[in-house]
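Undergrad: For reference, the structure I am asking about is given below.
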Amino acid sequence: MSDPSKEWPLWEVFVRGKGGLSHRHAGSVHAVDAKMALEHARDTYTRRMEGVSLWVLPSAQIVASDPGDAGPLFEPAEDKVYRHPTFYKIPDGITHI
Amino acid sequence: MYTTDMSGNKKAEVVAEDPEELAAFEARVANDEFIEPKDWMPEAYRKTLVRQMSQHAHSEIVGMLPEGNWISRAPNLRRKAILLAKVQDEGGHGLYLYAAAETLGTSRDEMTEALLSGKAKYSTIFNYPTLTWADIGAIGWLVDGAAIMNQVPLQRTSYGPYARAMVRICKEESFHQRQGYEIMMHLAVGTPEQKRMAQDALNRWWWPSLMMFGPPDEKSPNTAQSMRWRIKRDTNDELRQKFVDITVPQAEAIGLTVPDDKLKWNEERGAYDFGEVDWEEFAAVVRGEGPVAKERLQARQKAWDDGAWVREAARVHAEKRANAKVAAE
């Protein structure tokens, strides 16, 4: 049987598509350390010039919000439409605003 | 490449679950929402996905073997570089899919063990041998072509990580199909011997390619459930028909003949009628009686065993260095 303590840890991979863009999650790789994680990320996720920069971090280090809390966390924004510019009616003649 | 939904012979068992949560889940899926790893999901959905995704991943990995067989014998440097890139892609596809499947709580090693013990299946197509260079053309054109047909709808499959892996895979798969067709195209206008070789490869790969879509709809009891859960988006027979309709003109265009004497354009249906797939052969290959099934698994087992000391050494070395760093601080 497989022994989980002997499996190489999991790392999350983030790729910057090109200069000026932020890093974006691409997938994950198994690796024993950060250096190997970068090498595996490069081979697995950037075979076609998909990136100019990579981030890897141990999956166990990611802190995520609980999907069950999505309501209390995100719904309060729903009734605050006045945070969007389209909420305000400006007469046609007024420009540059 | 692609896996066939081969375990379609037994129904997924139903476990008692909170009816409220189940209803909410079903509603989300019916509404074409994506399910993410930490979301609540029925056990049968999780199981079906792990099975389908890991089989798909295994197929990519085992799929490297028949083509890898020809890397050292590719006819020129261009073909060799292309084949190397393609085989590397297949490895990559396997890794995207394993990573996506791991988000469901099954570890990579568990999946590998299931493959090596024969518990998990992979696509039957890879249990056929690659006898000539033309087989590499036929695999790219037909096998990857069938795979694309199967995979394109999976980009909208309900499980987010699976769908995202499929988007990436589909982007890369098109190169595979085109390079295969190009090989066939060149052989078809080559010497009579080369043309015969291309036709022979088409003859041998045509029917196994049609089998890649899985058993006929009436013998695929899981299809209804999987479609309801948006794990599958089209039935086996629909996709098979689509593949035949698209591929036959491609064969004709390069002067090759599809090996099916029942093949005939049906004006009324606006589709090709075609002969019956040999489901006995399919069943036999699923049972592990494919011509090179044993060799394939032996090759995987050998790779796993030969790599054991590397995996262990790398792990221990990293551990040692991490400890030394802690000690130095």
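Undergrad: Determine the shielding of peptide B:158-168 by partner chains: average, over its residues, the number of Cβ atoms on other chains within 10 angstrom of each Cβ. Don't skip to the answer; put the middle values down first.
TA: Numbers: counts 0, 0, 0, 2, 0, 0, 3, 1, 0, 0, 5.
Mean shielding count: 1.
Undergrad: Continuing with this model, one more query. If the elastic network links every pair of Cα atoms under 10 Å, which of B:R287, B:R240, B:R269 fluctuates the most in the Gaussian network model of chain B?
TA: Checking each option, the largest mean-square fluctuation is seen for B:R269.
Undergrad: Using Cα positions and a limit of under 17 Å, work out the lysines in reach of B:K325, with same-chain residues fewer than 8 apart set aside.
TA: Hits, sequence-local ones excluded: A:K35.
Undergrad: Average partner chain C-beta neighbours within 10 Å, per residue of B:113-125? Kindly include the intermediate steps, with their values, before the conclusion.
TA: Working: counts 2, 1, 0, 0, 0, 0, 0, 0, 0, 0, 0, 0, 0.
The per-residue average across the peptide is 0.
Undergrad: Shielding by partners for A:21-33, please: the mean number of other protein chain Cβ atoms within 10 Å of each residue's Cβ.
TA: What the average comes to for A:21-33 is 4.
Undergrad: Anything over 21 Å Cα to Cα? Flag those among A:K18/B:K86; B:K80/B:K242; B:K121/B:K219; A:K6/B:K86; A:K6/B:K38; B:K171/B:K195, in the order listed.
TA: Beyond 21 Å: A:K18/B:K86; B:K80/B:K242; A:K6/B:K86; A:K6/B:K38; B:K171/B:K195.
Undergrad: Mind listing the phi-derived Karplus ³J(HN,Hα) values for region A:8-24, rounded to whole Hz, using 6.51, -1.76 and 1.60 with θ = phi - 60°, and x for any glycine or proline?
TA: Couplings: 5, x, 8, 10, 8, 10, 10, 10, 8, x, 7, x, x, 9, 7, 5, 10 Hz.
Undergrad: Could you state how much accessible area is buried at the A-B interface, both sides summed, with a 1.4 Å probe, in Å² to the nearest 100? Let's see the in-between values first.
TA: Working: alone 8200 and 16240 Å², together 22530 Å².
In total, chains A and B hide about 1900 Å² from solvent.
Undergrad: Moving on. What residue among B:L97, B:L116, B:L77 shows peak mean-square fluctuation when chain B is described by a Gaussian network model with Cα springs under 10 Å?
TA: B:L77
Undergrad: Let me know the charge dipole size of chain B about its Cα centre in debye, to the nearest 20, where only the beta-carbon of Lys, Arg (+1) and Asp, Glu (-1) is charged.
TA: Result for chain B is approximately 1120 debye, rounded to the nearest 20.
Undergrad: What base-10 log of the normalised intensity I(q)/I(0) is obtained for the protein assembly as shown from the Debye formula, alpha carbons as equal point scatterers, at q = 0.07, 0.08, 0.13 Å⁻¹?
TA: For the protein assembly as shown at q = 0.07, 0.08, 0.13 Å⁻¹, log10 I(q)/I(0) is -0.41, -0.52, -1.22.
Undergrad: Another question, then. How much accessible area per residue does region B:38-102 have, counting only protein heavy atoms and a probe of 1.4 Å, in square angstrom?
TA: Computed with neighbouring chains in place, this is 33 Å² per residue.
Undergrad: How high is the relative contact order of region A:4-64, in percent, counting Cα pairs under 8 Å that sit 6 or more residues apart?
TA: 41 percent
Undergrad: Let me ask something else about it. Using a 1.4 angstrom probe and counting only protein chains, how large is the accessible area of B:M41 in Å², to 10?
TA: Ignoring ligands and nucleic acids, B:M41 comes out at about 10 Å².
Undergrad: With +1 assigned to the C-beta of every Lys and Arg and -1 to the C-beta of every Asp and Glu, and no other charges, what is the dipole magnitude of region A:4-64 about the Cα centre in debye, to the nearest 20?
TA: Roughly 260 debye for region A:4-64.
Undergrad: Of the accessible area of the protein assembly as shown, with the probe set at 1.4 angstrom, what percent is carbon plus sulfur?
TA: Carbon and sulfur atoms account for 57 percent of the accessible area of the protein assembly as shown.
The values are calculated or read from the model by the stated rules, or taken from the named source; none is laboratory data. Keep in mind the model is a prediction, meaning the values are calculated, not measured. Because the Cβ atoms are built from the backbone with ideal geometry, glycine has one as well, and the counts that use them run over all protein chains shown. What goes into the accessible areas is simple: the full protein's heavy atoms, side chains included, and nothing from ligands, DNA or RNA. Shrake-Rupley method; radii C 1.70, N 1.55, O 1.52, S 1.80 Å.
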